[in-house]
Each structure stands twice: as structure tokens, then as C-alpha cells.
Ligand code: FES
Ligand SMILES: [Fe+2]
């Protein structure tokens, strides 16, 4: 792959160094990273047009002849299932004089006929008819097919890459299958899509998604169901970062009515273990997708950077087809919950966009609840610098246990890792209890006067999590530290 702008650097050496430290001494990205149009253009070239981006689901083109339109960085793209049942992607741009070959957002076709001069392409993108071209010099139907775009799929998602020389998708995902391979998301169907226009930089939205430090003051409803400091992170071995949060006793999923019965009989998704059913998993798939795995549904955010201060967010809730086919299927509680939570988040992201415009603001510091924000920013900084993603991220086995102060600093070499093992968590008297404190039960929280307290303060003991069945991931993490 050619170098990414090898002659110029977005960050100074000092800035890069200040980001590529363990969070305790690291600084946030500089102010201009969120406001400068030149940096936004570099992100378009070096990230959106170079990395694998989720653009939809395989079920949007389920049978031969079906297609849907999508876009990356404003490029009009067409995803088509060919007669051979293979999904392909093309620029939706006629090779004659550049008209969109397809106008409908989605549909079924046996071939594509450009509406302007009627050049005809087959479902595999080949030009099969172009009237009055038979006597042209250096022209053949074979060489004027629709321009192809790289397409791969994973867990039912359609990924596209505008870079013909990009490395295959598995290299970007890394070891993600070790974490998510037990699920079968291929079959999930979209029950609801909500699109938001957010007046904030796309990275502010990803950073916001990466932490729950803001949950007590901003999301009291969410914090009642999954307290912000009960959870942990995984050590990523790819271009992703992720972790989990634990449902309080009695809560079945994230829904506005919360508590017992909040799944309304919806069974767990395929592949869920008993332990998974007590957790919500949050993953950022670099660069622009968030997957939030609930016991009974998958929440997907796709962020579409539009301008330095503008982002479109496409939020979808996906369920198993059998669940959606139940006569009593009603996802409105989950939809309402996430619409509320999203709106709360966009509000502060927009406030942050306005606030950081002030020249008084210089890159801030991470709290010890924001190691995952730092993990995301590291990926940004490494892309800015044209470096491979390193694994030198601070991984928290548990949010409620601070990494030891003398923990080794993250090394800068690709493949190196700083990992705080679970021994401290297991030894903590607060977190060894096998049971669940009733103060976390939804019923006990009702009527609690949050305003009278520091919203971060709450008394609880959590279920002991010295071990769980994702030990494979942790073993991998440990192996990488040696
Ligand atoms: S622009 Fe498509 S046929 Fe002329
Ligand atoms: Fe939030």
C-alpha cells in the first residue's frame, strides 16, 4: 500500500508522543484535530478511503438481482447480488459521461440501464450494450464496465474499501472473531433505523461512545441498568476496542422500562452464554462503526463524517428473524431507550464541539475511566502518523479497579501491549463477593434522589468476575505482554 501522505504530518512529534503514552500521562488529541478542514480532508483520504467501512447488511440485497445504494465519503456506491449469488460493489457512475446508473435507493434489476444514453451493464458490472460505439478506436465493452469497489462481509455486515490495494478485511479486524465468533449475527434483521444529524466532529462521537464516565450525570436511566463502573475492557488485537458492562439484578436488557420482564419474552440471541445474558458489550470497529450487543438485540451505530463539525449517525436495532416474527414482537421500549440515550449523547457532543472551538482549550487529560477513549485516540494518532496500529493500549480488566500506578508504560512497538491483569480485581475485597448487592436492583434504585449526590457515587458490590468464559481473550492478552 502506498504511504499515507509520507511528507507531511498531522501531528508534531511532541503531540504524537503525548498521545502515545499510558493514559495517566497522555494528552487528548489537539484541538485542531476536531476543527481544521485540512485535517478533516486528510482523514477522508487516509482513513475513509483507505480502511474497511461498514455500509450495510447482506440482507439488504438478499437474492440475485437485488441491490442497494450506499456511500463512503460522498462516493455513490452500488451493492448488487449477482446471478451467481455473489455480492459485488461498484461506483454508481456510468463509464460514458458519469451519470448515476441507478436512481432508486434499493430494488431489483435484471440489468442496469443508464438513464442518459442507455448504456447497459449486467449485474456483474460488465458493459453489455453501448450503442454507436462499435467503430471507436481503443474501445471495448470489456474495458468499460462499472468500476468495482472491494467488498467483504463479516457477521452479516457489508464492508467496502475504496482502496484497491487495501489489505483484506481480516487484517483490519484482527482477533475480533475470538470475541464475537460465538454469535451468529448473519441472520439478524433491522427492525428500526434512526438517522441523526449531529453538529459535532465524528471523533467526539466515537470518544463519547468509548466511555461511561459520563453516564451518571448524563444517562441516569442507563446508569440504573448498567452502573458505569461495573465492567471491563478487552485487549484488542486488531483495529477495534471493546468492553462490557453488567446488568443489575432484575434487569433483562437495555430498555426504557428496564428491570424484570424488559425483554418482553424476547429470547437471547443465538450464541449467548448465560454470562453474556447479564452483560452489554460495546465495541468500536475502526473507523466508523459501533456494535452494542444486548442479550436480545444488536444495536449498530454507523457514523458518517460529513464535515469537521458535522456527522450523520445511522442507528439501527437488529433482532433475530424468529423474534421479529412473534405476534407480540414490540421493540419500542428498546428503541425509545436508545433514542433517548443517543439524544443525550449528541447534545453533549455538540456542546463539546462548540466549547473546543475556543482557543482557550488545549488538549485535555484522560480520567482513569477513559482508557478506552485513549485507545480510540491512539488509533487516530497512529493513522495520522501513517503507523501500524500498536497494541500498546491501557486495558482495564475492570473499570472499578485502577491499574497500578507503577504499571509498565505502553511500548511503542507494534504488537507490544500493556495489560493490567485481573489479579488485582480478584484480590479486591469489594469485588470478590459472589453475590449481587440489592442496591443495584432496579426496584431499590427507584426514587433515589440522584441530584442530591455526586452522580458517580453509589454503594455497591458486584458479582465476582475473577474469571469468565472469555478467558481466551485474556490469555491472548497475557501472551502478548511477554
Ligand atoms: S452517461 Fe450513461 S449512457 Fe451516457
Ligand atoms: Fe453516552
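The values are calculated or read from the model by the stated rules, or taken from the named source; none is laboratory data. Nothing here was measured: the structure is a model prediction, and the numbers come from that model. Reconstructed Cβ throughout: ideal geometry from the backbone, glycine too, with neighbour counts over all protein chains shown.
See the values below:
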{"read-out": "The listed residue being at pLDDT 95 or above, over 20 Å from residue 184 (Cβ atoms) and not in a strand (DSSP E or B), out of 295, 287", "value": "287"}
{"read-out": "Matching residues, the stretch 266-279, being in a loop (DSSP other than H, G, I, E, B) and out of contact with any helix residue (DSSP H, G or I) (no Cβ under 9 Å at 6 or more places or on another chain)", "value": "272, 273, 274, 275"}
{"read-out": "Candidate set: the stretch 161-188, residues that are more than 18 Å from the chain's Cα centre (by Cα) and either outside any helix (DSSP H, G or I) or within 16 Å of ligand 2 (Cβ to nearest atom) (or both); chosen: the one nearest to residue 332 (Cα to Cα)", "value": "182"}
{"read-out": "Entirely in the stretch 39-156, the strands (runs of 3 or more DSSP E) that have 1 or more residues that are surrounded by 17 or more Cβ atoms within 10 Å (Cβ to Cβ) and more than 15 Å from ligand 1 (Cβ to nearest atom)", "value": "53-57, 66-72, 75-81, 87-91, 148-154"}
{"read-out": "Residues that are closer than 14 Å to residue 208 by Cβ and in contact (Cβ under 8 Å) with a residue 12 or more places away in the chain, drawn from the stretch 348-363", "value": "348, 349, 350, 352, 353, 356"}
{"read-out": "Selection count where residues are in contact with a strand residue (DSSP E or B) (Cβ under 8 Å, 6 or more places away or on another chain) and either over 12 Å from residue 22 (Cα atoms) or modelled with pLDDT of 95 or more (or both), scope the stretch 366-388", "value": "2"}
{"read-out": "Unique match (being part of a helix (DSSP H, G or I) and either under 14 Å from residue 352 (Cα atoms) or within 16 Å of ligand 1 (Cβ to nearest atom) (or both)) among 224, 203", "value": "203"}
{"read-out": "Odd one out for residue 206, checked against (1) assigned by TED's automatic domain parsing to the domain that holds residue 332; (2) touching a strand residue (DSSP E or B) at 6+ places or on another chain (Cβ under 8 Å); (3) away from ligand 2 (no atom under 16 Å from the Cβ)", "value": "(3)"}
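Table: residues versus (1) surrounded by 14 or more Cβ atoms within 10 Å (Cβ to Cβ); (2) assigned to a helix (DSSP H, G or I); (3) modelled with pLDDT of 95 or more; (4) away from ligand 1 (no atom under 16 Å from the Cβ).
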site	(1), (2), (3), (4)
312	yes, no, yes, yes
316	yes, no, yes, yes
330	no, no, no, yes
339	yes, yes, yes, yes
342	yes, yes, yes, yes
349	yes, yes, yes, yes
352	yes, yes, yes, yes
357	no, no, yes, yes
